[in-house]
Amino acid sequence: MVLRARPGRDEGEQAVVHRLAAARKAPKALVERCRMVELSWEGRLVPQIADELRCSQKTVRRWLHRFNCSGLEGLEDLGGQGRKRRITEVERSRIIGMVKQTPPGRLEVQPSNEMWAADESGPAEWTLDALAAAAQELGIQVGRSQVRRILLAEGVRWRRTRSWTRSRDADFEGKGPGSSSSTPARPPARRSSAPTSSAR
């Protein structure tokens, strides 16, 4: 029977596999295992994957089997001696991947010109608190400060979206004048009539 990596459970799992397969900071062994899965998705057979990655066919079969049974967690090293990491590399990658996704509560203009959000009760923008909460919903035990450290270590930056938007509805009326007219203009400085030192 030909062994192949099962399809990704969802776009999120596929994205994490692709990201880790090309990661530069992740452990080399995990990068190689994700590359095995990626190559299998591309249609490569076990002997071809082993030749390309210069490893044994037994190794390829082992990790493809573990991925099929346990998903991304199956590609992590089994617990050994020493202190266990609180956040696995897969969990770190999922947190980083969330930043690139549209926040569920963000309103977006649909083709019908209506504003719609995937989850109106969800965050409209990604903040450290919102990312930590979303990660905890995925079963990742992480706090705000740890999310910040993860993003800084990966060089991930994100900008907070503005809290206002302009409606395309012609009947929409603003709540008042904009900030440009609410702030009085600074009066022009008067030129001094005093003689300069050269006129003395």
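The values are calculated or read from the model by the stated rules, or taken from the named source; none is laboratory data. Please read all numbers here as calculations on a predicted model, not as lab measurements. Every residue, glycine among them, receives a Cβ derived from its backbone with ideal geometry; neighbour counts consider all protein chains shown. With ligands, DNA and RNA removed, areas are computed over all heavy atoms of the protein, side chains included. Shrake-Rupley method; radii C 1.70, N 1.55, O 1.52, S 1.80 Å.
Tell me the residue from Trp63, Trp41 that is more than 16 Å from Glu73 (Cβ to Cβ) and aromatic (Phe, Trp, Tyr), please.
Answer to the check: Trp41.
List the helices (runs of 4 or more DSSP H) that sit entirely inside region 1-81 and contain at least 2 residues that are under 21 Å from Arg92 (Cα atoms) and modelled with pLDDT of 90 or more.
11-21, 28-41, 57-70
When both residues are 6+ apart or on different chains and their Cβ atoms are under 7 Å apart, which pairs have a first residue that lies in region 92-105 and is free of Cβ contacts under 8 Å to residues at least 12 places away in the same chain and within 16 Å of Glu137 (Cβ to Cβ), and a second that is open to solvent by 10 Å² or more (accessible area, probe 1.4 Å) and of a type outside the set (Ser, Thr, Tyr)?
If the second residue must be open to solvent by 10 Å² or more (accessible area, probe 1.4 Å) and of a type outside the set (Ser, Thr, Tyr), no pairs are left.
Name the single residue, out of those in region 125-144 being part of a loop (DSSP other than H, G, I, E, B), under 20 Å from Glu11 (Cα atoms) and in contact (Cβ under 8 Å) with a residue 40 or more places away in the chain, that is least open to solvent (accessible area, probe 1.4 Å).
Among them, the one singled out is Ile140.
Return the residues of region 112-124 that are more than 12 Å from Gln101 (Cβ to Cβ) and surrounded by 12 or more Cβ atoms within 10 Å (Cβ to Cβ); say none if nothing qualifies.
Selection gives Met115, Ala117, Ala124.
So Arg33 fits all but one of (1) among the charged types (D, E, K, R); (2) touching a residue at least 60 places away in the same chain (Cβ under 8 Å); (3) surrounded by 17 or more Cβ atoms within 10 Å (Cβ to Cβ); what number is the exception?
Failed condition: (2).
In the set Leu72, Leu45, which member is open to solvent by 30 Å² or more (accessible area, probe 1.4 Å) and either of a type outside the set (Ser, Thr, Tyr) or over 22 Å from the mean Cα position of the chain (by Cα) (or both)?
On inspection, the qualifying residue turns out to be Leu45.
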